[in-house]
1. Nearest 0.05, what FRET efficiency do residue A:97 and residue A:167 give at R0 = 45 Å with Cβ-Cβ as r?
2. Mind checking how much accessible area B and A bury in total, 1.4 Å probe, in Å² rounded to 100?
3. Where does the charge balance sit around residue B:139 when Lys and Arg score +1, Asp and Glu -1, over other residues with C-beta under 12 Å from its C-beta?
4. Counting other Cβ atoms within 10 Å of each Cβ, which trypsin sites (Lys or Arg not before Pro) in segment A:1-61 have at most 16 and sit in a DSSP loop?
5. Any of A:2/B:23; A:7/B:23; B:27/B:105; A:2/B:35 with alpha carbons more than 23 Å apart? Name them for me.
6. Can you give the average number of partner chain beta-carbon atoms within 10 Å of each beta-carbon in peptide A:19-28, as a whole number?
7. Among B:2, A:85, what's the order by accessible area (1.4 angstrom probe), most exposed first?
8. State, to one decimal in nm², a quarter of the convex hull surface area for the C-alpha atoms of the protein assembly as shown, i.e. the direction-averaged projected area.
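The values are calculated or read from the model by the stated rules, or taken from the named source; none is laboratory data. Bear in mind that the values here come from a model prediction, so they are computed numbers and not experimental data. Backbone-built Cβ (ideal geometry, glycine too); neighbour counts: all protein chains shown. Protein only, heavy atoms only, side chains kept; ligands, DNA and RNA dropped before computing areas. Shrake-Rupley method; radii C 1.70, N 1.55, O 1.52, S 1.80 Å.
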Amino acid sequence: MKYSPRKIKTNVNISHTSPAKDFFLLLSGIFCVIIIVYFILGLLVNVAVARLPVQVEEGLGRVFKQFYENAKNDEESRKLQGLLDKLVTGFPEEGRAFRVYLVENEMVNAVALPGGNIVVFTGLMKEVEAEEEISFVLAHELGHFANRDHLKGLGRGLILWVLSAGFLGYDNSVTALAGQSLMGVQMKFSQAQETKADLFALELMSEQFGTVAGAVAFMGKISAKEGKGMLAYYFSSHPHPEKRVKVIQDEIRLKGYNTKGSKK
Amino acid sequence: MDQLIFLIILVGVGYTAGTIAEKRHYKSIEKRENKFLKLSVVTLKDAFDKESPILRTRLVQGSAVISIDYFKRILAGLRNIVGGEVKSYETLVDRARREATLRMKEMAWDADIILNLRIETSAIGNSANRKKTIGSIEAIAYGTAITYKK
């Protein structure tokens, strides 16, 4: 047997495609799938949340107990509760209990937590003096309850966490971040959700107090916020202030709400 | 976030360093393969010239360990999700086998033919066969070298 050596010209054992191209193709493909799954599950969450019994929501609310454990129990907090109780009589769902907690914190913010709990930080109370203005904030948070925005946010956060844990692993940094935001106080809502809550608040205020002066005053502060920058915290978790102001002004004009005068 | 940046840096370093190392390795492999082109290696056991008197026969072997880089590992991880050919590992295995065969030839430098070539591959290192760690691949090539009397 004669052996004649020959050079091998092409390597058949390796793929001659660019690995970088492969990498980006795979990455973007998987990313697209995750986004689609997240979107579909998000829609399912909206459907499920609308049917979630109040008892379940109250059970969920206990998870967030740490946020209002150290709530103040002084005259100011009782005054807040009084304002809320007055607003709640006009709440569409009957037999729901709402509690407002005043928590010592520099943050200029108020948060709606599952289970009908509203947390107002003392930072916000310092900025907002008039009762009507704080009523508007409370009514706005009630609007989130009426639309179940906080539960939608929670459900989506949970989906994000599950997806991240599934794809990237439980001890991944992205998963940890998703887990943190799940428990985070500052749940972000979309512009549409904020606007809907604003409109709900306007209607509720007009019904209960016969005036939306508080909303006008509060929005006046929003307009002046560039100069002061004091309410910036509130808008970091309640975005799109300019558009909201405009929508509120349009709505007041359209429905002919009373912007002056005292309470009923 | 900082962990994500760290990951991107690792992937970038893995890609650049891995590509450079691979190119250089292939260059060296081809050069040495040409050098040993005359020394035939076969998988048959009795493909030698039975008429020629044999000076000596001996076992020759060569082994090589090649490590995977971070970019290849991530790419293979992504591939694990959707399935299909793991192309990023192909060059790794190819390089290890050819390098091992070359080293075996280098050991049998004075031989006329190497019979009964066998190549085996295994994962190696602390992290072999463990998830989320960088592994290496070892290839060992061995055969029987025959040198004729001149």
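1. Efficiency computed from Cβ-Cβ geometry: 0.70.
2. That pair of chains buries around 2000 Å² in total.
3. Values: positive: B:95, B:97, B:98, B:103, B:118; negative: B:94, B:99, B:120, B:138.
Local charge sum for residue B:139: +1.
4. Hits after loop and neighbour filter: A:2, A:6, A:7, A:9, A:51.
5. The answer is A:2/B:23.
6. Mean shielding count: 4.
7. The most accessible residue leads, giving B:2, A:85.
8. Averaged projected area of the protein assembly as shown's Cα convex hull equals 28.6 nm².
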